[in-house]
Amino acid sequence: MAKPKSKQNWWQSFYDDTPFHLYLERHDPAELEATLQFLTRVLDLRPGDRVFDQCCGMGSVSIPLAARGLHVVGVDLCKGFITRARGDARKAQPGVAGGAVSAVEFHVGDAFEFVPSEPCDAAFNWYTSFGYSAVDAENIRMLRRAFESLKPGGWFALDFPNAPMIRSNFQPQMTHRLPAEGGEIVITRDCQIDEDSGVMKQVWHWELPGGRKIDSNSTLRLYTPGQLVRLFERAGFACVKLYGTLDGDPRNDASPRCICVGRRPA
Ligand SMILES: C[S@@+](CC[C@H](N)C(=O)[O-])C[C@H]1O[C@@H](n2cnc3c(N)ncnc32)[C@H](O)[C@@H]1O
């Protein structure tokens, strides 16, 4: 008798099953530059520092950081993204943003478990790669791994959506068109917030050039800024601050993002 397929969490297959890589390619050099400068400032990065990129995707942020002289350790669950990151790192030019960086290592692994083999000077988790479980006790495990990755005194930055802004501009359906090989991909996303659980549920409909369709689901525990700060403190971080933009403005309810930064006590 065939063994029943074990029930997976959505994030264990979503990125393999969809053309999500299109969202991870950074086409706006100004935004990428602002991200690199923001991280350099808030994480107090210095040439030669060892930096952990938790849930690194295809290395869209790690590789340009490595090109600027940092040693980056990235981890991601999605094998395809790690293969692409390793290939792009080989093609990159030292000293050129986006462009061989040797001081970079990419691992396939689960960020709920993975801690780099040597402690890092700083760490980050970028572009909403956190809060995927509906259960706080699960999500906090990822923050604890980030905390354990750091040397005492090291900073960690988490890039998360700003829940008050999402609620006040709530759009139950969004459509994006992204250029892809052979035409364009049309992505329609239906979204609802379950206020009892604080979970935002999204159903994604992907229409590929040629007519093939893919449907997929995701969930995000839509933490309020205060809840994020408390989770950081429970994970051991001190000096926790919130930023609302890549320019370093303090977060307010209209800010586009909620970037939470905390320090492993010295
Ligand atoms: C929205 S993407 C962001 C990727 C990357 N941080 C960036 O800025 O390009 C989320 C990433 O988190 C990864 N991810 C989600 N859950 C993970 C887990 N438990 N362990 C490792 N990676 C995970 C996904 O595979 C995906 O690459």
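The phi-based Karplus calculation (6.51 cos²θ - 1.76 cosθ + 1.60; θ = phi - 60°) puts the 3J(HN,Hα) values of region 70-79 at 9, 9, 9, 10, x, 9, 8, 6, 8, 4 Hz, whole numbers, x for Gly and Pro.
Straight-line cross-link partners of Lys151 among the aspartates and glutamates, defined as a Cα under 19 Å from its Cα and at least 8 positions apart when in the same chain: Asp44, Asp49, Asp53, Glu105, Glu113, Glu118, Asp121, Glu233. The translational diffusion coefficient of region 125-182, from Stokes-Einstein at 10 °C and 1.306 mPa s with a Kirkwood hydrodynamic radius over alpha carbon pairs, comes to 109 µm²/s.
Would you work out if region 181-266 is rounded, prolate or oblate? Take a ≥ b ≥ c from the square roots of the eigenvalues of the alpha-carbon gyration tensor; rounded if a/c is under 1.5, else prolate when a/b is larger than b/c, oblate otherwise. Taking the square roots of the gyration eigenvalues as a ≥ b ≥ c, region 181-266 is prolate.
Using the Kirkwood radius built from alpha carbon pairs, what does the Stokes-Einstein equation give as D for region 104-206 at 37 °C and 0.692 mPa s, in µm² per second? Approximately 199 µm²/s, per Stokes-Einstein. Other residues with beta-carbon under 9 Å from the beta-carbon of Tyr243 carry, at +1 per Lys or Arg and -1 per Asp or Glu, a net charge of +1. The peptide list 68-81, 214-227, put in order of mean Cβ contacts within 10 Å with the highest first, becomes 68-81, 214-227.
Placing one equal scatterer on every Cα of region 165-220 and applying the Debye formula, the log10 ratio I(q)/I(0) at q = 0.15, 0.31 Å⁻¹ is -0.50, -1.22. Our analysis of the chain gives Rg over Rh at 0.95, with the two radii drawn from alpha carbon positions and Rh computed by the Kirkwood formula. Looking at region 201-243, what % of the alpha carbon pairs are farther apart than 11 Å? More than 11 Å apart: 73 percent of the Cα pairs in region 201-243.
Ranked by the mean number of other Cβ atoms within 10 Å of their residues, highest first, the peptides 8-20, 177-189, 42-54, 131-143 fall in the order 42-54, 131-143, 8-20, 177-189.
Values in this text are rule-based calculations from the coordinates and carry no lab data. All values reported here derive from a predicted model rather than from experimental measurement. In this analysis, Cβ positions are derived from the backbone assuming ideal geometry, glycine residues included, and neighbour counts consider all displayed protein chains.
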